[in-house]
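Below: the structure, in structure tokens.
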Amino acid sequence: MMSSPKGCLVVIFTHPFPSNIGKLKQIYSSRFSRVVFLIPFEHMEDPDVFTVYRGSYSFHGFIEDARQFLSNIDADFFVFAGDDLLINPDFGQRELYTNLHLDTFDGYITQFRSFSV
């Protein structure tokens, strides 16, 4: 495992609520090396926001639509989260990387792991 992983949090909006982006940046910017947003039908001049053109019923396609955008981000791993949830404040990029036993070139989590002590 690498000693200092750089994680990118990708927040997926199923409906356009751009006013929440600033709040989410404030919550997560100290916990992840980069925070970006996939938002439908809302163009913004923010380099951390990627506009997708799909409805909420096909939000799983947002990631494919943003593939080039995401591949240009300097990160060791990505965490995907919906805009309607908050990640426990005890978990940032280092804690998630360590507790999920991620390693270089892992494509997904191979099994559920407990975060309890």
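Values quoted throughout were computed directly from the atomic coordinates according to the rules given, and no laboratory measurement underlies them. Small disclaimer: the values here were computed from a predicted structure and weren't measured. Using ideal geometry, Cβ is built from the backbone for each residue, glycine included, and neighbour counts are taken over all protein chains shown.
Report the paramagnetic label zone for ALA81: residues of the range 22-43 whose backbone N is under 18 Å from a point 7 Å from Cα along the Cα-to-Cβ axis.
22-39
How about the range 1-34: which trypsin sites (Lys or Arg not before Pro) there lie in a loop by DSSP and see at most 16 other Cβ atoms within 10 Å?
Answer in residue order: LYS6.
Distance between the C-alpha centers of the range 36-66 and the range 9-23? Whole Å please.
9 Å
Would you mind getting me the FRET efficiency between GLU45 and ASP74? Use the beta-carbon distance for r and R0 = 22 Å, nearest 0.05.
Computed FRET efficiency for GLU45 and ASP74 comes out at 0.55.
Sticking with the crude label model, points 7 Å out along Cα→Cβ, report the distance from ASN88 to LYS25 in nm, one decimal please.
Rounded to a tenth, the inter-label distance reads 2.9 nm.
Nearest 0.05, what FRET efficiency do GLU95 and ILE63 give at R0 = 25 Å with Cβ-Cβ as r?
For GLU95 and ILE63, the calculated efficiency is 0.60.
Find the Rg to Rh ratio for the range 28-73, where Rh is the Kirkwood radius over alpha-carbon pairs and Rg uses the same atoms.
With Rh from the inverse mean 1/r over Cα pairs, Rg/Rh is 0.98.
Across every pair of different alpha-carbon atoms, what Kirkwood hydrodynamic radius in Å does the range 1-55 reach?
12.0 Å
Counting other C-beta atoms within 10 Å, and keeping those with at most 12, which DSSP coil chymotrypsin sites (Phe, Trp or Tyr not before Pro) do you find in the range 34-85?
PHE41, TYR53
Around GLU42, which amide H atoms from residues at least 5 apart in sequence, or from another chain, sit under 5 Å from its own amide H, with H modelled in the peptide plane?
VAL52
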